[in-house]
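Contents: one structure, followed by commentary.
Here, each number is a calculation from the coordinates, and none is a lab measurement. Keep in mind the model is a prediction, meaning the values are calculated, not measured. Note that we place each Cβ from the backbone using ideal geometry, even for glycine, and neighbour counts take in every protein chain shown.
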Amino acid sequence: MVKVLFDHNMPPCIARAMHELIRIDDHEAYALREKFPTNISDIDYFSKLNRDWIVVSKDLQNSRKKAERSAILRNRVVAFYLSPSLQKKKVGEQAAAIMWHWDKMLAHRANVENGLFLLPENKSRFKSL
């Protein structure tokens, strides 16, 4: 089972919709505020996750911060950051792109120890950040 956590900068409705779609296969999706206090720091919540988790975020700046990157890698989390072009799309289009990539995201989670990756708008491969 894989759990997906949508960061505060992602619409919670995507987490709720995705949860309904992926729970058929015993996976779970949550908005960050459903699992942690709204004032939790990124480092603190990354430190509470483990290999079972995928994080989805729009905060590309976060992917460049040394302490945040270290917390993701140390706790064996895989994080996907929406590409800038995907971030400009409507919520429904963002959700569709995430669902389009879902099986590849699961395979990536199973095949890599940890990492930060760019989630493309189109059907191209994930780019390591």
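Scanning segment 1-18 for residues that are in a helix (DSSP H, G or I), without any contact (Cβ under 8 Å) to a residue 60 or more places away in the chain and surrounded by fewer than 17 Cβ atoms within 10 Å (Cβ to Cβ) yields a total of 2. Selection of first residues in segment 107-129 that are in contact (Cβ under 8 Å) with a residue 60 or more places away in the chain and within 14 Å of Arg64 (Cβ to Cβ) and of second residues that are polar (S, T, N, Q) and assigned to a loop (DSSP other than H, G, I, E, B), restricted to Cβ pairs under 6 Å at least 6 apart or on distinct chains, gives an empty result. If you go through segment 19-35 one residue at a time, do you hit one that is within 14 Å of the chain's Cα centre (by Cα), buried (at least 17 other Cβ atoms within 10 Å of the Cβ) and either of a type in the set (S, T, N, Q) or on the phi > 0 side of the Ramachandran plot (or both)? Checked segment 19-35: no residue is within 14 Å of the chain's Cα centre (by Cα), buried (at least 17 other Cβ atoms within 10 Å of the Cβ) and either of a type in the set (S, T, N, Q) or on the phi > 0 side of the Ramachandran plot (or both). Residues being in a helix (DSSP H, G or I), of a type in the set (Lys, Arg) and surrounded by 19 or more Cβ atoms within 10 Å (Cβ to Cβ) are represented in segment 104-124 by at least one member.
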